1. Can you tell me which residues in the range A:154-179 are touching a residue at least 24 places away in the same chain (Cβ under 8 Å) and facing chain B (nearest Cβ under 8 Å)?
2. It is to be established whether one or more residues within the range B:111-118 are at the interface with chain A (Cβ under 10 Å from one of its Cβ atoms), assigned to a loop (DSSP other than H, G, I, E, B), of a type in the set (Lys, Arg) and over 22 Å from A:Thr204 (Cβ atoms).
3. Could you list, in sequence order, the residues of the range B:7-47 that are among the aromatic types (Phe, Trp, Tyr), within 18 Å of the chain's Cα centre (by Cα) and open to solvent by 60 Å² or more (accessible area, probe 1.4 Å)?
4. What is the number of the single condition among (1) in contact with a Cys (Cβ under 7 Å, 6 or more places away or on another chain); (2) away from the ligand (no atom under 14 Å from the Cβ) that B:Glu49 does not meet?
5. Determine which member of the set A:Pro257, A:Pro237 is touching a helix residue (DSSP H, G or I) at 6+ places or on another chain (Cβ under 9 Å) and open to solvent by 20 Å² or more (accessible area, probe 1.4 Å).
6. Considering only the range A:282-301, state which residues are open to solvent by 10 Å² or more (accessible area, probe 1.4 Å) and either modelled with pLDDT under 95 or assigned to a helix (DSSP H, G or I) (or both).
7. Test B:Pro75 against the stated conditions and say whether it is at pLDDT 95 or above, open to solvent by less than 10 Å² (accessible area, probe 1.4 Å) and either touching a helix residue (DSSP H, G or I) at 6+ places or on another chain (Cβ under 6 Å) or within 16 Å of the ligand (Cβ to nearest atom) (or both).
8. Select from the range A:69-80 the residues that are surrounded by fewer than 24 Cβ atoms within 10 Å (Cβ to Cβ) and either β-branched (Val, Ile, Thr) or in a helix (DSSP H, G or I) (or both) and list them in ascending order.
Amino acid sequence: MADPHHTSSAGEWESHGGESRLRQVLEAGHFAVTAELNAPDSADPKDVYANLTELGDVCDGINATDGSGANCHMSSVACCALMARAGYEPVLQMGCRDRNRIAIQGDLLGAAALGVRNVLCLTGDDVSAGDQPEARRVFDFDALHLLRTAQIMRDQGVLLSGRKLTTPPEFFLGAAANPFVPPQDLRHLRLAKKIEAGAQFIQTQYCYDVPVFEAFMRRARDMGLHEKVYLLVGVGPLRSERAAEFMRSRVPGVHIPDAVVDRLAKTPRKGKREEGIRICVEIIEAVKQIEGVHGVHIMAYRQEEAVPEIVERAGILREKPKG
Amino acid sequence: MPGSEWFKNRPRLLEGVYAGSKAALQLLYPLLKRVLPAGFTERVFVWSEEVSKGYLFNCQMCGQCILHSTGMTCPMNCPKNLRNGPCGGVRQNGHCEVIPEMPCVWVQAWRRDAQMGRYGGEIQLLQPPVNRALQNSSAWLNLLEGIDAQQPTGWSAIDLE
Ligand code: SF4
């Protein structure tokens, strides 16, 4: 077979064989590292690859966001296809805000054909969070419908209508969890529901509040959920107290305790970036000790260059098998 | 219309009313169906649901009522139309990501479900996608006719395992 990552001279894509490498890493019991790629506002593939050099060497998977914050960027399917083509392990983020069930199923098939094996199924930020709030919100599905539908396509080999697929997609299915917003005492129950709907891995919202996360994990463990799903904790470096204020007031679902903001505010200007990275490293070290945590998901918005440093300093760098 | 909050915060009372109405309608429906013209029955049902459920639950007439499985709180008031909420955007004060002055309907739903007896705990069921073709039809009629329980072929396939 031809190299799956390259097009043949006729311009045809060879089908991308093989399983999710992220899944293999997790199944082997390694502490996984994934990171978020910021989809460019560009039509040039080079702008996708530009940030990848920083992330590729230290990550087991790279998420392409799907119009995150309801702002338009290059589509997540396209970003993932470009990543797969270059030999990276993409994680396709797919939300329900912009497409109805017909488009969702079509995009899932297309993404699989282009080499995507990991899908993170999301509800999605509302249109009101972005710079085109006058757009129509779709939300034909919720995240659990999306998860279950992808699972049906994979395991039953049919579309939701029952129509048969010639070749079903092979997916490693993920979902998000946000233990940090109300109702905090019940968030583990929604996690359970997502697992029931087909989630095999979880990437959480930014964790800046370790005690709240610990309480969530305790409840999840009491239900045995930590044995049913691979859980990656979302982390990220804050550049300054102003960035923190912006995130917690403007980005939906982000909770940052005052103590973290104060710590950055008290740091002299020159040291803020370093302090943000130190906080991030401390959080990774703390959550790594919690039973049921299988990795971290680093979201370093416009600080991709910090990711290798964070991984190294947190002591979670491994030799990556070359893909 | 004011006043419905009082009812909404008494989910046990509302679930009792729901169960009673369901039993009564199931008993009466075969008779109604025989004596009343079909179009008329439908108009009466739609109208009375718009008025009563509109007042009590701000019903959006989705046509497949799952109120009793969602703490007697209408999930279609969620701006994201979630049937398996809440999403991850809930604010620290428990309010909606989209409408900051509105308490998240899904936070309310989970709290109220915990207070309910008969249907309490049903909020943990995985709800199927909404059949958008039933918008503006009568949820009671769809229930009595079994229409609201119909699911896409692919969706039901997985439950047969
Ligand atoms: S019929 Fe649909 S919209 Fe109306 S109260 Fe029930 S769930 Fe809400």
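The values are calculated or read from the model by the stated rules, or taken from the named source; none is laboratory data. Owing to the predicted nature of the structure, the values given are computational and were not obtained by experimental measurement. Positions of Cβ are generated from backbone atoms using ideal geometry, with glycine treated the same way; all protein chains shown enter the neighbour counts. For the accessible areas, the whole protein counts, side chains as well, though only heavy atoms, and no ligand, DNA or RNA atoms are used. Shrake-Rupley method; radii C 1.70, N 1.55, O 1.52, S 1.80 Å.
1. Result: A:Leu159, A:Leu160, A:Ala176, A:Ala177, A:Asn178.
2. Looking for residues that are at the interface with chain A (Cβ under 10 Å from one of its Cβ atoms), assigned to a loop (DSSP other than H, G, I, E, B), of a type in the set (Lys, Arg) and over 22 Å from A:Thr204 (Cβ atoms), one finds none in the range B:111-118, hence no.
3. Result: B:Phe7, B:Trp47.
4. For B:Glu49, the exception is condition (2).
5. Checking each option against the conditions leaves just A:Pro257.
6. Hits for the range A:282-301 are A:Glu282, A:Ile283, A:Glu285, A:Ala286, A:Lys288, A:Tyr301.
7. In short, yes.
8. A:Gly69, A:Ala70, A:Val77, A:Ala78
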